1. Arranged from highest to lowest average of other beta-carbon atoms within 10 Å per residue, in what order do the peptides 88-96, 56-64 appear?
2. Under a plain spin-label model, where a point goes 7 Å from the Cα along Cα-to-Cβ, how far apart in nm are Thr54 and Ile72?
3. Going by amide H atoms built from the backbone, whose H comes under 5 Å of the H on Leu102, apart from near neighbours?
4. Sorted by packing (mean other beta-carbon atoms within 10 Å per residue), highest first, where do 102-108, 25-31, 48-54 land?
5. With the crude spin-label approximation of a point 7 Å out along Cα→Cβ, what separation in nm comes out for Ala22 versus Glu47?
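Bear in mind that the values in this text are calculations on the coordinates, not laboratory data. The shown structure was predicted, so the numbers you read here are calculated from the model rather than taken from an experiment. Reconstructed Cβ throughout: ideal geometry from the backbone, glycine too, with neighbour counts over all protein chains shown.
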Amino acid sequence: MKKQLFIILLLISLKSFACTCAIKKLSEWQKYELENSKCIFIGEVIEVNDSNLTFKIKVTESLDGGDSIGNIYIGKNWKYCSPYIQDNGKWIVYGNMEDGFLRLNMCGISRSFDYPIVNPLPPSPELYE
């Protein structure tokens with residue numbers, strides 16, 4: 001019984017640390033996102049499917065010239081660390097393609113225009129230098 005309890009506590013504690021993102025300055029986050037993203041654009045989420053954790057997002061403005069206006073990506077909400085798209089609306093996206101799906105970067109700065117603080121940056125003033 002003690003062994004089972006230990007395993008359960010270990011699994012719970014690992015999950016609690018799984019999404020801890022390193023604290024960085026905003027400028028460092030921006031640089032990292034620009035260097036490590038194939039898809040950088042402003043888009044309109046046009047459909048969200050909660051049953052299979054997918055969403056469709058239409059490119060309205062390419063920020064790096066690599067995404068065609070009007071292109072529709074099918075994204076996947078991986079349930080950890082990534083920004084989670086749950087409603088239609090306008091987003092700024094930094095991501096990559098993985099297994100045929102658009103994936104927003106974990107601990108990234110992709111944000112909804114309607115709810116930009118859902119995945120807030122840490123509130124430390126030195127981060128914004």
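1. On the way: 88-96: 19.9, 56-64: 16.8.
Put in order of decreasing packing, that is 88-96, 56-64.
2. In this crude label model, Thr54 to Ile72 measures out at 1.1 nm.
3. The list, which skips near neighbours in sequence, is Ile74, Gly75, Lys76.
4. Numbers: 102-108: 19.6, 25-31: 13.9, 48-54: 11.6.
The most tightly packed comes first, giving 102-108, 25-31, 48-54.
5. 3.9
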